[in-house]
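Student: Quick one: the structure is below, questions incoming.
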């Protein structure tokens, strides 16, 4: 039974409840919600009152889940970044909810910092060497840039938020990894401006307050193509210099290096099976154990793609499933227990696939060069976005 | 009355004078019968006595006896050689004592003697006598002679080896083939010449003919004439025997595969590009030239449709398009990693573009480089025909910064490794002002050459040392820029050089030519090519070296890019190892043109190729 996060507010001062998100079963009816409110108010009053609820201005008559389905309210949002210099937020049904514009160049990577409640924080990394931290009010559907993270000397190709949601790491073409704070504040960090200003006026106005990195991790000899957090103290990065490095955030040093033979395009870590999956330009997906002390041991090699593997992602709930996207227009669903062939080949894209992801509920997403975002469900149905 | 004489076998003349002839058994004298017959009576008797022929005078008894018929018969039989006894049958059946039939009883049942089982006693006696005699020395045994040395003579012991060799080398003349059906006097009709064959036979040279004669048909052997070619044939045979030189051909038993040097297998020489990964589409005309940024993130391409496009390497997205208003012949990215500038050659102008595709610091330093003021110094001589100008207005927004106007059409621009100097080529057979070297920071241009040596095809700077390579149609000249003189002239065997590339180490040069050949020159080895590779079927349009990996590639009009491994060894004695490693096909041939330019990624073992089909392919 799935749960929904809900907040209750009222203008009637008698029945004010704490403005905290509560986890409510999705199939709750009006009576159940009334009971919940009564329980919360038991401390204050003694009587049981029957309440009526309004969801987005509509009276709740049926169960919450059916109401939401009919009204088209979803709590799962999809964030996409595109080469048109914007990021967009979509619902799982495929309706665009918001366009996040502000970068001066192509948005290379996006990430949610936190998604619960009414305001969500999201990050966009771009070719213009900055990462913007945005605050999105889902109720009022407004987005505002809080911080502009400067510091990279090359296009920021990848970002990843740590499990606690307080920090994020970015990797860029200048071969560096930088750790930043993901908490929005009201201070601006000082950065050194170059001594002589260029003659040409900078057209870009800065969005948000400037932020500088907490830490810089250097060690790669070529561009960093993908970063992720293994846990809240370890960062794993894959790069064009054919290595995957694991860094310790506390000390800023490198813990392990896994060496491959070809450029790594993407990596993904699964805490369920504690394996790292990497996609390379030689069309293979390799599984590694990040805890190995000795050199590089490829545990498994999944081969089926006929082009560069540009994206891999482990399933959040399955220990053995992962989905991969490639330049050969295919998205493949793999089970690592049967490594000879993928479970499914999802051929929906007409052009190269650049990114794949999972939602909490097991929905697969993929986006590609044909400007489309596709969602797939395991039971082999798909919906276009 | 028994009158048989008992005197015995004595001559009867002894009793001539006596009246008796002998004595009978009783001892009484046997008186001679009265013989009163004289010669005449004998004669009359012979004539008239019918019994004369049977009358016999018995000397013993002295009487005449008349033989009876039986007795006469007996005499006759004896005279004939038959047996006397009439009743004797000389043809009695033989009684075989030793018959061929095996009888029950043997002829004799005498048991065998012991002497048939034991050695002969008589021989034993003889042998013992001989032995005794030998021991006593009466008989000397015959000694066996030793047939050892000295009985024969080694004919060839002192033979001369040259004579032996000549004998060994003797090759007998080939035997004359036995006559066949053609030589027959009455061959089957198919062996005779038809009219056409006859005409052909007469036309051909005597040396070319298969048969030295014309087959003839005669009905009988009598009609066969004398062979006219007899003496000629014998003469030819004699010439063959003693005049034709014959020599033993020493055939070397060599496997042809052993002669080919063992090259390492391509899979040992990984990494190299193998498959086409990305295609950059967007141009509408053939893409003549491509160049990768030193960081490896961007690819710039110039095409005949008048645009310069910037692509992101990893996603094949065209980030920027700059319309420059003329077919672009050559693009070259500034190799200095701290600036981001692109030189574009189109028509008779060279443009310097500053695409803002890099870090702000980099862009700043690019701007700084470009905007160096001349500080009032007058332009140097030789600068007259080349005009530098700054871009303004709309062109500035597009990214254009500087324009260098040349007197003629520019075919190629090339940067120096440090990124400050730029060389451009205006091919022209007649003038010596084909090559210009420009300095970006001071906006100066100069002609290094005072004499015309041929139509310049392409130029290149040496990556490390101050040398300058100029390729004309048939040779490559290397000039020392500091000493201002020509150091070397490399002779290629090609008719028309199309492109040239210098190894990052600086000691090797490859050049591709329109006659499908790629020559590798080792500058330390000689001025002739070290290796000529003929892998392509059509003209080679572009060649390139990889900056880090030991790879080089050639692009050709047959639509393929051939990537070869070329390791250069640090020790000067070992020649470079060249192994062709992969043929990459990714382009479609358009208007008989294939791949026009090829270049490697600066850090990864990837190769980019641009073709006449308006696409750029990335092979990884």
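Student: From other protein chains only, count the Cβ atoms within 10 Å of every residue's Cβ in B:313-320, then give the mean.
Tutor: For peptide B:313-320, the averaged partner shielding equals 4.
Student: Here's something else I'd like to know. Roughly how tilted is helix B:69-80, in degrees to the nearest 10 and between 0 and 90, from the longest Cα axis of chain B?
Tutor: Long axis of B:69-80 versus the principal axis of chain B: about 30 degrees.
Student: Which semi-axes, in whole Å and largest first, does the equivalent ellipsoid of segment B:265-340 have when worked out from the alpha carbon gyration tensor as the square roots of 5 times its eigenvalues?
Tutor: 25, 16, 12
Student: Under a crude label model (7 Å from the Cα following the beta-carbon direction), how far is residue B:348 from residue B:34 in nanometres?
Tutor: 19.7 nm
Student: Could you tell me the largest-minus-smallest coordinate of the C-alpha atoms of segment A:71-178 on each of the three principal axes, in descending order and whole angstroms?
Tutor: Principal axes ranked by extent give 47, 31, 21 Å for the Cα atoms.
Student: Spin-label point model (7 Å from Cα, Cβ direction): what's the residue B:158 to residue B:145 distance in nm?
Tutor: My value for the distance between the label points is 2.6 nm.
Student: Express in % the proportion of alpha carbon pairs of segment B:414-570 at distances exceeding 18 Å.
Tutor: 57 percent
Student: Gain in length, residue B:98 to residue B:573, computed as 0.36 nm per residue apart minus the alpha-carbon separation, to one decimal in nm?
Tutor: That pair, residue B:98 and residue B:573, stretches by 160.2 nm at full extension.
Student: Something else now. Projected area of segment A:237-329, taken from the Cα convex hull and averaged over every viewing direction, in nm²?
Tutor: Its average projected convex-hull area is 6.0 nm².
Student: What 222 nm value per residue comes from the helices of chain B, counting each DSSP H run with n ≥ 4 as -39,500 (n - 2.57) and dividing by all residues, nearest 500 deg cm²/dmol?
Tutor: Result for chain B, helices only: -4000 deg cm²/dmol.
Student: OK, next. Using the 2.2 N^0.38 Å rule of thumb for compact globular proteins, work out how segment B:522-620 stacks up: its C-alpha Rg over that value, please.
Tutor: Dividing the Cα Rg of segment B:522-620 by 2.2 N^0.38 Å gives 1.13.
Student: Along the Cα-to-Cβ line of residue B:227, 7 Å from the Cα, sits a label point; which residues in segment B:178-215 have backbone N less than 16 Å from it?
Tutor: Hits in segment B:178-215 for residue B:227 at 16 Å: B:178-187, B:211-215.
Student: What FRET efficiency do you get for residue B:389 and residue B:465 if R0 is 22 Å and r is their Cβ-Cβ distance, rounded to the nearest 0.05?
Tutor: E between residue B:389 and residue B:465, to the nearest 0.05, is 0.10.
Student: Taking 56 Å as R0, compute the FRET efficiency from the Cβ-Cβ separation of residue B:417 and residue A:360 and round it to 0.05.
Tutor: 0.55
Student: Enter the mean number of other protein chain beta carbons within 10 Å of the beta carbon of each residue in B:291-298, as an integer.
Tutor: Mean shielding by partner chains, rounded to a whole number: 2.
Student: Another question, then. Determine Rg/Rh for segment B:124-205; Rg is computed over alpha-carbon atoms and Rh is the Kirkwood hydrodynamic estimate from the same atoms.
Tutor: Ratio of gyration radius to Kirkwood radius: 1.65.
Student: Between residue B:91 and residue A:93, what is the spin-label point distance in nm, taking each point 7 Å from the Cα along the Cα→C-beta axis?
Tutor: Result for the modelled spin labels: 15.0 nm.
Student: Order of B:397-408, B:269-280 by packing, highest average Cβ count within 10 Å first?
Tutor: B:269-280, B:397-408
Student: How long are the three semi-axes of the equivalent ellipsoid of segment A:322-376, in whole Å, if each is the root of 5 times an eigenvalue of the C-alpha gyration tensor, listed from largest down?
Tutor: Each semi-axis is the square root of five times an eigenvalue, giving 18, 14, 7 Å.
Student: Rank these for me by crowding, A:84, B:420, B:208, going from fewest to most other beta carbons within 10 Å.
Tutor: Ascending Cβ contact count within 10 Å gives the list B:208, A:84, B:420.
Student: I need the per residue convex hull volume for chain B, using only the alpha carbons, in cubic angstrom as a whole number.
Tutor: Cα-based convex hull of chain B, divided per residue, equals 654 Å³.
Student: Work out the P(r) tail for segment B:218-281: percent of alpha carbon pairs separated by more than 18 Å, whole number.
Tutor: Here the long-distance tail beyond 18 Å is 76 percent of all Cα pairs in segment B:218-281.
Student: Given the peptides B:4-13, A:335-344, arrange them by the average over their residues of other C-beta atoms within 10 Å, most packed first.
Tutor: The densest-packed peptide leads the list: A:335-344, B:4-13.
Student: Grab the beta carbon distance between residue B:486 and residue B:238, set R0 = 56 Å, and tell me the FRET efficiency rounded to 0.05.
Tutor: Efficiency computed from Cβ-Cβ geometry: 0.25.
Student: Shielding of A:275-284 by partners, i.e. mean partner chain Cβ atoms within 10 Å per residue?
Tutor: Mean inter-chain Cβ contacts per residue within 10 Å come to 2.
Student: Based on alpha-carbon atoms only, what is the radius of gyration of segment B:1-149 relative to the globular estimate 2.2 N^0.38 Å?
Tutor: Here the Cα radius of gyration is 2.32 times the empirical estimate.
Student: Using only Cα positions of segment B:378-499, each an equal point scatterer, no hydration layer, compute I(q)/I(0) via Debye at q = 0.11, 0.15, 0.18 Å⁻¹ and quote the log10 values to two decimals.
Tutor: The Cα Debye sum returns log10 ratios of -0.39, -0.71, -0.99.
Student: Next up: Please rank A:233, B:392, fewest neighbouring Cβ atoms within 10 Å first, as an exposure proxy.
Tutor: B:392, A:233
Student: What whole-number volume per residue, in cubic angstrom, does the convex hull of the C-alpha atoms of the protein assembly as shown give?
Tutor: 653 Å³
Student: Please express the shape of segment B:479-580 as an equivalent ellipsoid: the semi-axes are the square roots of 5 times the eigenvalues of the C-alpha gyration tensor, given largest first in whole angstrom.
Tutor: Largest first, segment B:479-580 gives 22, 17, 12 Å.
Each reported figure results from applying straightforward, stated rules to the coordinates on display, with no laboratory input. Source: prediction; values computed, not measured. Here Cβ is always computed from backbone atoms with ideal geometry, including for glycine, and neighbour counts include all displayed protein chains.
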